Amino acid sequence: MTVALELDGLRKRFGVVEALAGASMRVRGGTVHALLGENGAGKTTLMRIVYGTLRADAGAVSVDGAPATFRTSADAIARGIGMVHQHFALVPAMTVAENVALGMRGHYDARAAAARVRDLGATTGLVLDPDARVETLPVGAQQRLEIVKALARNARLLILDEPTAVLAPDEADDLMRWIRRFRDDGHAVVLITHKLREALAIADDVTVLRRGTTVLTGSVAALDEPTLVAALLGETSARADAARPLVSRLPLTEQRTDVPSHPGRDRRLVATLQNISVSYARRAPILHNVTLDLRAGEILGVAAVEGSGQHELMRVLAGRLTPTSGTLSLPHAVAFIPEDRHRHAMALDMSLVENVALRGLSKRRGRMEWRALRNATNEILSRFDVRAPGPLASGRALSGGNQQKLILGRELADRPEMIVAENPTRGLDIRAAAAVQGHLRAARDAGSAVVMYSSDLDEVLSLASRLIVVHAGRVVHVEHPTRETVGRAMLGAQ
């Protein structure tokens with residue numbers, strides 16, 4: 001089997017932070033290669049070097065057996081490499097065809113671009129409307145568009161960064177089937193993922209990074225989950241410690257060990273929604289007559305297929321979206337952990353202290369107490385295990401998992417009455433995901449009302465005290481939630 005990509009001793013430093021400390025990797029042609037590691041282990045940095053958006057300080061890259069030096073992503077694309085980032089690189093106001101053509105040479109030919117999109121849809125099954133605007137597409141279609149962009153440039157090696165993090169179960173299954181077809185056609189895929197069982201189910205080979213160094217590489221057939229967990233965490237107790245982080249991946253009969261069967265009618269009422277509807281101009285209603293109560297000391301789980309109105313519901317609950325009609329009663333202090341931390345939760349070029357100061361900024365009067373804010377930031381870094389150079393570091397200097405933990409610490413610092421968390425463990429490794437889940441449980445136990453939406457149905461089932469499904473803008477209360485009953489409700493089945 002040919003070697004599609006070989007990385008030898010790659011090093012990369014950002015100031016005092018050594019992101020890569022001699023990472024190596026060998027990807028065979030016609031295989032799926034899983035790249036695993038904790039947040040901050042260097043996975044995305046390594047692949048950004050392969051894609052030409054970063055330059056390595058040392059080390060060698062070879063593609064198809066020939067040495068390669070990539071100064072830009074155009075150099076990587078010319079060698080048949082494509083990358084789909086965790087945070088999509090699309091222009092929302094442009095059409096599908098325009099996004100596919102963006103960056104290509106020559107004059108833009110709308111008819112040819114549309115034909116290219118249709119042809120790729122016919123040959124790959126990644127069907128898209130070339131005239132649709134990206135801003136109108138659900139997240140699953142946007143991901144298909146990112147893959148189509150790479151294929152339109154004749155990618156033979158495709159890098160996918162956390163591709164199933166925002167997909168519903170059926171969409172994730174469809175993507176996995178497509179990846180297998182792409183591999184069977186002789187191409188190579190590098191799959192960056194935190195989902196161990198996903199990696200074991202689809203990958204042929206695996207590489208594990210820890211602190212910028214390759215600590216394990218080999219055939220998936222020769223490895224098992226406990227071995228991978230031990231390599232990921234680097235602890236002698238890793239196999240035992242992994243049981244709790246992986247609770248959301250266990251069969252349902254093994255879940256919900258610490259979840260009460262019901263929140264109790266005598267618990268304090270924290271928030272109420274009565275006949276809430278949300279409509280946008282000249283569009284069908286997004287939410288229809290939603291009635292909902294939230295009580296102290298519970299986690300209300302929200303499950304939905306993408307585009308069902310769950311994001312609007314979460315923003316209504318967070319006080320970020322005003323309903324078109326109905327009655328809404330929210331507590332004074334509501335914490336919000338949005339799905340897209342880069343767009344809605346952090347200013348990446350501001351310091352960590354300044355990002356912490358964003359909490360409650362509109363309610364402050366007078367001068368900023370920067371010394372107090374710096375102390376508060378240091379406390380968050382310590383309490384929530386945020387690995388950062390210090391409180392004055394920029395948000396961009398943190399890995400995705402540490403950014404998420406900073407946001408969580410900022411939002412939970414003043415013990416809010418209600419917490420609205422939208423895909424709070426998206427893109428996190430097993431340790432960071434377990435930490436976030438633990439903080440949400442602790443907030444519940446301290447008396448907060450927690451509302452959590454996750455595209456990972458198993459995570460919702462493992463954490464929720466009770467569960468609702470949002471389907472076509474309406475809320476369905478699921479009395480006895482199982483994977484089957486919730487899945488049927490998500491699809492609108494009786």
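The values are calculated or read from the model by the stated rules, or taken from the named source; none is laboratory data. Because the structure is predicted, anything quoted here is derived from the model rather than measured. Quick reminder, even Gly has a Cβ in these numbers, built from the backbone with ideal geometry, and neighbours come from all protein chains shown.
Points worth noting:
- Reported count of residues in region 90-100, each being farther than 13 Å from ARG153 by Cβ, surrounded by 14 or more Cβ atoms within 10 Å (Cβ to Cβ) and within 23 Å of the chain's Cα centre (by Cα), is 2.
- Qualifying position, being small (Gly, Ala, Ser), at pLDDT below 95 and surrounded by 15 or more Cβ atoms within 10 Å (Cβ to Cβ), among GLY121, GLY103, GLY65, GLY125: GLY121
- Neighbours by Cβ (under 7 Å, 6+ apart or cross-chain): first from region 140-158, in contact (Cβ under 8 Å) with a residue 12 or more places away in the chain; second in a helix (DSSP H, G or I) and not aliphatic (A, V, I, L, M): GLY140/GLU171; LEU145/ASN99; LYS149/ASN99; LEU151/THR124; ALA152/ARG116; LEU158/PHE182
- Filter result for GLY59 (in contact (Cβ under 8 Å) with a residue 60 or more places away in the chain and in the same structural domain as ALA230 (by TED's automatic domain parsing)): no
- Residue among SER237, SER248, SER219 that is out of contact with any helix residue (DSSP H, G or I) (no Cβ under 8 Å at 6 or more places or on another chain), farther than 30 Å from THR136 by Cβ and modelled with pLDDT under 75: SER237
Matching residues to (1) assigned by TED's automatic domain parsing to the domain that holds VAL470; (2) farther than 15 Å from TYR453 by Cβ; (3) not hydroxyl-bearing (Ser, Thr, Tyr):
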| residue | (1), (2), (3) |
| --- | --- |
| GLN310 | yes, no, yes |
| LEU313 | yes, no, yes |
| LEU321 | yes, no, yes |
| GLY326 | yes, yes, yes |
| HIS342 | no, yes, yes |
| ALA347 | no, yes, yes |
| ASN378 | no, yes, yes |
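- Filter result for LEU145 (in a loop (DSSP other than H, G, I, E, B), in the same structural domain as ARG181 (by TED's automatic domain parsing) and of a type in the set (A, V, I, L, M)): no
- So GLY52, is it crowded, with 22+ Cβ neighbours inside 10 Å, of a type in the set (Gly, Ala, Ser) and over 30 Å from ASP131 (Cβ atoms): yes
- The residue that is farthest from the chain's Cα centre (by Cα), counting only those in region 69-82 that are under 13 Å from GLY103 (Cβ atoms) and not in a helix (DSSP H, G or I), is THR72.
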